[in-house]
Every structure is written in structure tokens, then in C-alpha cells.
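Written below as C-alpha cells is the structure these notes are about.
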Amino acid sequence: MPGFMRCGLKLLVGFAGWMSSVLFGFSPAFGQSNAEVAAVLQRVLVADSSQAELRPVRRFYAALNFAPAWTSPAGWLPLSADALRLLTRAPEFGLLPAEYELPALLHLTDSLQCPGASAATRLVQRVRCELLFTKALLNLGQHLQKGRLAEQPFTTGTTVPPDPDAANMLLRARRSGSVAASLLALQPTGRSYVRLLWAWQHLLRTDTAAARRLRPTVAINLERLRWEPAADSLYVVVNIPSYTLQVVRGPQVVRSFRVIVGETPTPTPELYSHIRFFETSPEWRVPHSIAVGEMLPRLRRNPGYLGANNFLLYDRQGKVVNPRSIKWQTVTPETFVYSIRQIACCDNALGNVVFRFPNPHDIFVHDTPTRELFNKRSRALSHGCIRLEKPLQLASFLLRRDYGSKAQSRIDLMWDSVYSGYGKFFPLRNPVPIVVRYVTCEADGPQLRLLPDVYGRDEALQKRFFDVPTASPLVSVGN
């Protein structure tokens, strides 16, 4: 195991056990009035307004008129106790204790108990406790809700509700009376996260070599699942490493299909969007990259290739052009000014149906005429789009979900379009969320199922995730 990972995992699973007895043995001699602490907090936070890291801390205290939130002259406030315990429990959620200022908080706790400390020293130390504790709780809330890493690959094709302001989140948690419960409620509620978190916590209690080897993979996949927008009551999820598309309703998978995803040079992207409609007997508009990369060489060898495979060639004005009238040997990728479309037919690359959803990558879910490929174990075979086994079953499910008892007439129309070969659009009155994710570990109770790292992303993510952070600049307040 690489050194960075050993260090991170040691912090991850070894920190909580010895710390809880230290955190709650404070003497009552914190010292200094709340007014004095508030004055210093305001001076520090207003004077250092340039640091982006301090903005949510400043907003939090500004809402309290800079009054101390967690301490009193006698010590930590009662509401701070369960929040402190939650910081020590960070490993239970696959997070690193070093992210939450625990070593610095412990050091400050020790210094506050020193009977020989001057009033000025105790004042500075109490301000440090306030700032570090607030920053730690802000970080923990954000990490539980949306993950630790800032550079997340997830893209959206539709509007996602903005994240609640971190400062307001912590203010609400403080008002609730149970900061820990409020922060834990920020975690994802989706089926995959809940099951994997349960398996992770079981794994932490299993002290074997095999369990220790699994921990890095499980931790980074919990992180990946936190990147996703909040789960809806019903949604479609494609997991690239498992080569599956599932329809999930609450905690249950109600439909499951095999899929083919992008090969390594043209990977399927991770994204979130909504399926707004599907089309039967679709026309395939060949992407320009495929037209110049694959079809142009074939046309140079055989100008009749397009006609033999039910393709039509169009010029810039949208007029049909006879491929045999063009000197293909003189055409280069740079001078290729045509578009190619494949009409609806039995060997159309999109098959009988295509499901559309807005996204910046212009990918979609579709049928395929090469259904024998679903029998392969490794199915990273496409140009990036997602080919679906039994797509008309998914289409029927979506229509029944959308129209209920009135769906049958639309299902009959769908089949007529397929058999007769004419294109037909089926808009969904209630667009269905779709998540395309990259998760290399799934849970079934305490049992973990490792999936192939199709695009080789785990190692780099582990390196970033277990890179132990440096101390916060807040540690130096008052020096």
C-alpha cells in the first residue's frame, strides 16, 4: 500500500478510539467574558476578509453578532459535546479526522487547562477554539453532504438546486439543539450510499488483512456517491463499472438491464440529467468525429458504402448528395463539410429507440442492432453513448409510470412505430432523473462487490483522497 494511503488510513481508522476520553475532561477555567471574545472574533474576521476559507466562518458569526457559539467563560457549552464527539467519529463515515482540526483542538484544550496561563493567553486560546471548531463543523457538514474533493467530475445537464449556504446550515444545526444529528442528516439518502455506508462501518469493525485492503476502495466510492445530486423518489442510474442500468424507487431496484458503455479512448461521462422524451425508429445523425474518423476512410475505398448501409449524405444546405459524385481521395478531415444520417432500419446504429436527456456531452441511451455484445463480460465497447439491453421494456415502464391506466394506447403506438418503421416522439410529462456514475464498489448487506476499474481512475482518486491536509491558517490566530 502506498505511503500516502497508509498515513491517511491510519488517521481514518485509528484516531477516534483514543481521543474521546481527552475531549471531555476539560476544566471550567476557560476564562474571559463573552463580550471580550466577541470583540476579538469580530476584529479577526472583519480584518481578514480576503481569505475565501474564512467567508462562511465570518457569515456564521456575523449572524450571531460575533458572540461565541460554542464556549462560555466556564468551558464548552453543553450543545458542543455531541458535535465534538461527531468530529471524532469522522472515520465512521469514511472521512479523515485530520480534516477537522482535531489535533489543534486537542492542543488548545490542553492549553486552556493550564492554570498558569495569563488572561490574555486564555482569551486568544478561546477565540482559537471558536474559530477552529466552527471551521471544522462547516467542513464536516459540507463533506458529509457533497464530498471532500473540490475537483469533482460530475456534470449536470439540467438545473440542480443550489447547495444551502454552509453558514446557514450550521446556524440551523445549532438552533436545532443537536448539531450532530443535523449534520448527519445532510448525508445522501440514496440506496447505494446508504448500503455502502453500512458495509463500510461493518468493515471498520473487521480487523483482517482483507478488510484493510478493501478500505481505500470503499472510502473513495462513498466520496463518489456524495458528489451526486440528492436522489429523487424514482430515478434511473447507470453505473459504468457494473455495466448496468437500474430503475430505483426508494430503497428498491424495480428494473435492471445490462448496458454497453464507452471504451477507454471514448469514455462515457459521469453526469446528472432528466430523461425528457424517447423516440422510436429514430434517424441516426452520425457525429462528425465518427464521420471523418471511420466513414471517410471507408468512402475512399468504397463510395457505395453509405448507400449499402442505409446512410444518406447531406451538404451544408441540407440537400441530399450522391456519394459517388464526390472525389473522396481529395477530401480530408479538415475539408469534410458533409453530414451523414442513417435512416430508421433494422441495422440502424440506434436500434428501435433512443432516450434523450440534456447534457453537455451529447450522449444518450439507445437500442442497438448488435445485441450479441450484451453477452460479453466486459462491455466498454461504444463511442461514449450507452447502449441498452431490452430498451422497449424501459420505454413501456416510463409510459406506465407517466400515464398510469391511460398508458396502453401509447404503448400500442410505440410498438406500431417500431414495426412500421416511422419515427415517433414520446414526451414524458414527468421527466425522470438519470444519474450516470462511476462506482467501483457496491454493497449487499455487509458483503462488498468489487467492480472493474474500467477507466483506471481509482488510483488517482485514492491519492487525492488520502493526501493528508495541512493545518488550517486559523491555528495561527492571535500569534
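Rule-based calculations on the coordinates, nothing more; no lab input. Model, not experiment: these values are computed from the prediction. Glycine gets a Cβ as well: all are built from the backbone with ideal geometry, and neighbour counts include every protein chain shown.
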Residues whose placed amide H lies under 5 Å from that of Arg255, excluding near-sequence neighbours:
Val247
Please compute P(r) over all alpha-carbon pairs of the chain, binned at 10 Å starting from zero, and give each bin as a whole-number percent.
4, 17, 22, 19, 15, 11, 7, 4, 1, 0
Rounding to the nearest 10 and keeping the result within 0 to 90°, find how far the Cα-based axis of helix 119-146 lies from the longest principal axis of the chain.
20
Of segment 301-317, those with amide N under 20 Å from the point 7 Å along the Cα→Cβ vector of Thr332 are 301
Test of understanding: express the Cα radius of gyration of segment 388-468 as a ratio to 2.2 N^0.38 Å, with N the residue count.
1.72
Note to self: Kirkwood Rh of segment 318-430, Cα pairs, one decimal, Å, is 16.9
Pairs of alpha carbons in segment 285-342 whose separation is greater than 14 Å (percent)
49
Which of the trypsin sites (Lys or Arg not before Pro) found in segment 321-423 are in a DSSP loop and have at most 12 neighbouring Cβ atoms, other than their own, within 10 Å?
Lys327, Lys376, Arg377
Rounded to whole Å, give me the distance from the Cα center of segment 371-424 to that of segment 314-370.
21
Charge dipole magnitude, Cβ of K and R +1, D and E -1 - segment 285-342, Cα centre, debye nearest 20
140
Mean Cβ-within-10 Å packing, highest first, puts peptides 271-279, 284-292 in the order 271-279, 284-292
For the chain, with only Lys/Arg (+1) and Asp/Glu (-1) charged at the beta-carbon, what is the dipole magnitude about the Cα centre, in debye rounded to 20?
660
Nearest 10 degrees, 0 to 90: helix 102-112 Cα axis against the chain principal axis
10
Which of Gln329, Gln246, Val40 sits closest to the plus end of the dipole of the chain, meaning its Cα is farthest towards the positive end, when Lys and Arg get +1 and Asp and Glu get -1 on the C-beta?
Gln329
Rounding to the nearest 10 and keeping the result within 0 to 90°, find how far the Cα-based axis of helix 166-176 lies from the longest principal axis of the chain.
60
Can you quote the Å³ per residue value for the convex hull of the Cα atoms in segment 249-401, rounded to an integer?
145
Answer in debye to the nearest 20: the dipole magnitude of segment 345-469 about its Cα centre, from +1 Lys/Arg and -1 Asp/Glu charges placed on Cβ, is 260
